[in-house]
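Encoded as structure tokens, the structure appears first; notes follow it.
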Amino acid sequence: MAKFIVEGGYPLVGTAKVSGAKNAALPILAASLICRGQIRLRGCPRLRDVDNMLTILADLGVCCAWEPNGGLTLDTADGVEYVMPQRISKELRSSIFMLGPLLARCGKAVCTYPGGCEIGNRPIDLHLSGLSALGVQIREERGLILCDGSAMRGADIHLDYPSVGATENIMMAAVAAKGTTYIRNAAREPETEDLQAFLNALGCDVSGAGTSSVRVNGGLPPKAYVQYDIMPDRIVAGTLLCGAAMTGGEITLNNVVPQHVGSMLSKLREAGCVIACGEKSVALRAPKRLGEIKMIETLPYPGFPTDMQAQFFSLATIADGICVIVENVFENRFKHGPELTRMGAIYTQKDRTTVIRGVKELTGAQVVARDLRGGAALTLAGLAATGITTIHEAELIDRGYERLDAMLCGLGAHVTREV
Ligand code: UD1
């Protein structure tokens, strides 16, 4: 069990480069199964979730190797197994991303229900109904999901909800379906565009990602060698910007697409931060005391991301006035609230809504990371608090941040890790 020990009171100052995006890397790693050859990924973050995906890929017969310069090569030339390893798949929500690519590559797939952070009910009905619309025969046996995609054909699919994972899974399966597939009410998250760009680099024909209608022309043979750069992580960027805002800091982040963090920047400006955007950079100067953010409502992109809700919750605890946060995407994503209370935060919650009244300051305490983003939010609270904050179970934070402790120390924070 890892711990972060944070000595508060040091503003984040300086320049940092944002890592590649976890949520782009995970589906792209799965999509590598579609290619029969060599793939070289640059900017793939070294995270626990990525390691777990690589373990699954290795189990399926893919040779994976990190290069000394941080590149990642995947050799998918040889035969690929279609039965996914059960134990590790259960640990990782993103294991479900293998389903579409395995169907595209092998025509069949066997998997289990996936695991992941406990942030509410995370069903996969939209994944399965989308695949079944493509003609995949799906049955369940002893907790396993058995899929036969030998007769996949293009279809017009309307998602009841713009699920990121379902959109991506259907995109990946549809590249091998005969004819054209349309995904309506598709997720518009930038990571779907990155997956589209990767699939097209493989020789597939996908268009429309980033809009609510994605089109896939299936049946094209994939290329044998592809090199691809993973997009920057907008959630890592947002987390560091929140940290600077909460500590009265001044930072510049490189490798950020400002448009991807637009909804966060608008809230940070509302709180009084001065922000300047370059083509691929964002600079933020925090006010002495953060002003009121009246309302945050999480929504599918381009709305405010649920993956930034916890960090802004943390920020609102030390801002002026009252902030109402409505969590529309996941129903159990306020587990950081009671932990922040130990540090002096004041809020009330009913169902998916919290009302936070900003206090003058937080004080260091012993807190527990309950999920990935909540853990990051507690770390930010520790930076802004007086005294020492210990974040237990910090290994959950490693699922989504490449050494958040080191990243923060690089910007002047005092954070030590104890294993
Ligand atoms: C992805 C992100 C995650 C982010 C989330 C929402 C990755 C690896 N993870 O997760 O970090 O928090 O998008 O932006 O990209 N749903 C169903 N049925 C389904 C699928 C989803 O009801 O078959 C519901 C979920 O329970 C949830 C909502 O749809 O309430 C959003 O889920 P979804 O967009 O699918 O998120 P993920 O792809 O799991």
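The values are calculated or read from the model by the stated rules, or taken from the named source; none is laboratory data. All values derive from a computational prediction rather than experimental measurement. Ideal geometry is used to build each Cβ from the backbone, glycine not excepted, and the neighbour counts take in all protein chains shown. With ligands, DNA and RNA removed, areas are computed over all heavy atoms of the protein, side chains included. Shrake-Rupley method; radii C 1.70, N 1.55, O 1.52, S 1.80 Å.
Table for the structure above
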item: Neighbour net charge for A201 - beta-carbon separation under 13 angstrom, K R +1, D E -1; result: -1
item: Estimated Rh, the range 22-229: Kirkwood, alpha-carbon pairs, angstrom; result: 16.5
item: Simple label model, 7 Å out from Cα along Cβ direction - T15 to T363, nm; result: 4.1
item: Carbon + sulfur, % of accessible area of the range 270-419 - ligands and nucleic acids excluded, 1.4 Å; result: 54
item: In order through the range 332-347: 3J(HN,Hα) via Karplus (6.51 cos²θ - 1.76 cosθ + 1.60), integer Hz, x for Gly, Pro; result: 10, 10, 10, 5, 6, x, x, 5, 5, 4, 4, 9, x, 5, 10, 7
item: Qualifying trypsin sites (Lys or Arg not before Pro) in the range 329-394, DSSP loop, other Cβ atoms within 10 Å at most 16; result: K360
item: Length added when fully stretched, T341-Q86, from 0.36 nm per residue minus Cα-Cα; result: 88.0 nm
item: Separation of alpha-carbon centers, the range 343-402 and the range 143-210, rounded to whole Å; result: 36
item: Per-peptide average of other Cβ atoms within 10 Å, ordering 74-83, 42-51 highest first; result: 42-51, 74-83
item: Extension gain, D205 back to T55 (0.36 nm per residue minus Cα-Cα distance, nm); result: 51.1 nm
item: Sparse-neighbour loop sites [GluC sites (Glu not before Pro); the range 206-314; at most 16 other C-beta within 10 Å; DSSP]; result: E279, E292
item: Carbon and sulfur %, accessible surface of the range 22-229 computed with the full protein complex present, 1.4 Å; result: 47
item: Mean ellipticity per residue at 222 nm, deg cm²/dmol - from DSSP H runs of n ≥ 4 across the chain, formula -39500 (n - 2.57); result: -8500 deg cm²/dmol
item: Cα→Cβ-extended label distance, 7 Å offset, between I138 and D160, nm; result: 1.2
item: Value of Rg to Rh for the chain (Rh from inverse mean 1/r over Cα pairs, i.e. Kirkwood); result: 0.98
item: Per residue, in Å², the accessible surface of the range 22-229 once ligands and nucleic acids are set aside, probe 1.4 Å; result: 39
item: Per-peptide average of other Cβ atoms within 10 Å, ordering 156-169, 192-205, 302-315 highest first; result: 302-315, 192-205, 156-169
item: Percent of Cα-Cα distances greater than 14 Å, calculated over the range 183-233; result: 51
item: Unsatisfied cross-links (Cα-Cα over 24 Å) in the set K294/K360; K3/K280; K90/K267; result: K3/K280; K90/K267
item: For the range 323-419: accessible area per residue (Å², 1.4 Å); result: 39
